[in-house]
Amino acid sequence: MAVVGVVALVALAAAIWFGVGWGRALFVERPVADARDAALSGAMQAAINLNSVDAGNVDGSLDNMRSSITGDALVNDLNATEQQIRDQVAATGTGMAADVLFGSLTELNTDDDTARALVVLSVTTTTPTNFVKNKVSVDVAVRKDGDTWKAETIQPLGSVELESGANPGAAPPPAEPGAPAEPPATVPAEPTAPAEPGVTDGE
């Protein structure tokens, strides 16, 4: 009976131990992991939207920006620069497209539903004739707004040019007015060899 009692006690202790571990994983660790993934996803999406402007759909680009920001600071900044963005695109045809190269959450506070992330982007700026691709690093502070994590602030950390050049298929620039046309190259004719003297009779 003593042996049975010890076995039962060990089994009960094991059940409590594993039950507590399972409960912690289900009710504590899993929500934190989910919040971490959602916060990082929100930070990366905000970084993409705030560094992308479709020259053919400026309204859609601005709507994407608004969907990724929260708080007075970024909302006021966007309202203040919206017309400038529209004017620049209309005047130059310039567009921007961003893709995430790397993202990592650096802070997470599940009590306040706030987080911070480092996001590294590839940002391609395109004009009708040229493009420039830069690697851009940004620090994004996000806050949960409803079910979505949105950017409260975004700070550039650095930019490095990766590539630049002419757009494929872009028309060549027009020739400068008044520039004299180059004459076609000519190949000088080869001099003809003198005729050999004829042989006279009797020599």
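The values are calculated or read from the model by the stated rules, or taken from the named source; none is laboratory data. Here the structure is a predicted model, which is why all the values come from computation and not from measurement. Cβ coordinates were reconstructed from backbone atoms using ideal geometry, including for glycine residues, and neighbour counts include every protein chain displayed. For the accessible areas, the whole protein counts, side chains as well, though only heavy atoms, and no ligand, DNA or RNA atoms are used. Shrake-Rupley method; radii C 1.70, N 1.55, O 1.52, S 1.80 Å.
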* Asked: Can we say T129 is more than 16 Å from Q155 (Cα to Cα), free of Cβ contacts under 8 Å to residues at least 60 places away in the same chain, in contact with a strand residue (DSSP E or B) (Cβ under 9 Å, 6 or more places away or on another chain) and surrounded by fewer than 15 Cβ atoms within 10 Å (Cβ to Cβ)?
  -> yes
* So which of S68, S52, S122 is among the small types (G, A, S), at pLDDT 95 or above, surrounded by fewer than 18 Cβ atoms within 10 Å (Cβ to Cβ) and on the phi < 0 side of the Ramachandran plot? -> S122
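What residue, among those in segment 91-102 that are without any contact (Cβ under 8 Å) to a residue 40 or more places away in the chain and open to solvent by 90 Å² or more (accessible area, probe 1.4 Å), is farthest from F131 (Cα to Cα)? Spell out the reasoning first.
Residues of segment 91-102 that are without any contact (Cβ under 8 Å) to a residue 40 or more places away in the chain, as a first pass: 91-93, 101-102.
Adding the requirement that they be open to solvent by 90 Å² or more (accessible area, probe 1.4 Å) leaves 101-102.
On the way: L101: 19, F102: 22 Å.
Among those that are without any contact (Cβ under 8 Å) to a residue 40 or more places away in the chain and open to solvent by 90 Å² or more (accessible area, probe 1.4 Å), it is F102.
Can you find a residue in segment 79-87 that is assigned to a strand (DSSP E or B), more than 22 Å from G158 (Cβ to Cβ), β-branched (V, I, T) and touching a residue at least 12 places away in the same chain (Cβ under 8 Å)? Outline the logic, then answer.
Initially, segment 79-87 is screened for residues assigned to a strand (DSSP E or B), giving none.
No, segment 79-87 has no match at all.
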